[in-house]
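Data block below; observations after.
Laboratory data are not the source of any read-out in this text; all were calculated from the coordinates shown. None of these values were measured; they are calculated from a predicted model. Here Cβ is always computed from backbone atoms with ideal geometry, including for glycine, and neighbour counts include all displayed protein chains.
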Amino acid sequence: VVPPPAPEGSPAPPAPAGLTAQAWLVADAGSGAVLAASRPHAPDLPASTMKILTALTVLPGLPPDRVITVDDNAPRVDGTKVGLVPGVGYTVRDLATAMMISSGNDATVALVEAAGGTATVLARMNALAASLGARETVAGDPTGLDSPGQVTSVYDLAVLGRAALNDPSVRGYLTIPRASLTGRGDQRFEIQNHNSLLRTYDGAVGVKNGYTVAAGATFVGAATRGGRTLIVALLRAAPAYGTDARALLDWGFAHAGQVTPVGYLPNPAASAAGEATRP
């Protein structure tokens with residue numbers, strides 16, 4: 001349901017002050033209404049929020065109980081790793097959990113290899129982004145590590161976050177607080193969700209955080225209250241991105257029924273035709 005416009009002549013409530021993110025957006029996940037945004041189409045680096053698109057691309061085609069034996073390639077990847085052991089078999093469910101809650105690049109590489117390899121998966125990722133209406137996104141590395149030409153926008157991140165919430169093969173991983181994985185021998189080790197909102201914001205339901213030195217902090221978050229789900233996307237935020245995300249979600253829940261939307265996210269059924277009102 002599209003929120004009703006504010007009464008004629010009523011000024012829109014000001015967006016939260018003091019936000020650190022250089023680009024941000026808050027939208028209603030149900031209607032797609034973009035409630036407020038700053039630099040929504042500015043291109044920037046996604047960091048590990050790119051894993052949302054990776055998950056949307058590979059997880060629907062990989063049975064959760066399939067066992068993938070990790071080779072020597074996955075543990076050699078740069079960046080954040082959960083510590084997968086070469087020669088050990090992990091279920092797709094375990095690898096997807098490690099990718100989405102702890103941003104494991106080693107788990108991401110293992111999933112990508114099982115789904116056809118980097119070149120094949122990147123081609124599918126870019127085709128999927130375009131079909132969803134995230135046409136400002138170019139995937140260059142499924143892990144989200146900085147890659148030449150890789151780019152996104154907060155508008156696109158909101159599109160991808162909304163798709164993740166609506167995809168049953170992805171959504172279930174977004175709110176797992178912790179999990180344990182097989183280590184060496186009989187050992188197991190625990191991983192935890194890196195999304196700080198899950199521990200600090202009532203109703204949080206995802207989605208994914210990211211960070212590289214070049215990108216700064218990036219984040220796609222979502223929360224549900226009173227039957228309404230809001231999505232927030234941040235690019236080039238301060239490391240403590242949760243402060244911005246909570247402020248925008250609080251503002252959105254307070255004003256979602258009062259503000260005139262500044263645009264709309266694409267209708268998933270019509271995104272191939274480009275039917276969206278962009279802020």
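Rounded to the nearest 20 debye, what is the charge dipole size of the chain about its Cα centre when +1 sits on each Lys and Arg Cβ and -1 on each Asp and Glu Cβ?
Working: 20 positive and 21 negative charges, 59 e Å.
Its charge dipole is roughly 280 debye.
Could you point to the residue in ALA204, PRO261, PRO86 farthest towards the positive end of the chain's charge dipole, with +1 and -1 charges on the Cβ of Lys/Arg and Asp/Glu respectively?
It is ALA204.
As I understand it, the value is the acute angle between the Cα axis of helix 242-255 and the longest principal axis of the Cα atoms of the chain; what does it come to in degrees, rounded to 10?
Around 40 degrees separate the two axes.
Calculate how steeply helix 105-114 sits against the longest principal axis of the alpha-carbon atoms of the chain, using the helix alpha-carbon long axis, and give the answer as 0 to 90 degrees to the nearest 10.
Roughly 80 degrees, rounded to the nearest 10.
Using only the Cα atoms of the range 120-279, what do you get for the radius of gyration and for Dmax, in Å?
Considering the range 120-279 through its Cα atoms, Rg and Dmax are 16.8, 58 Å.
Treating the angle as unsigned and between 0 and 90°, give the value, to the nearest 10°, between the Cα long axis of helix 118-132 and the longest Cα principal axis of the chain.
Between helix and principal axis, roughly 20 degrees.
Let a ≥ b ≥ c be the square roots of the eigenvalues of the Cα gyration tensor of the range 148-236; is it rounded (a/c under 1.5), or, if not, prolate (a/b larger than b/c) or oblate?
Numbers: a/c = 1.95, a/b = 1.27, b/c = 1.54.
Cα axes put the range 148-236 in the oblate bin.
Measuring from centroid to centroid over Cα atoms, what is the spacing of the range 159-224 and the range 57-118 in Å?
15 Å
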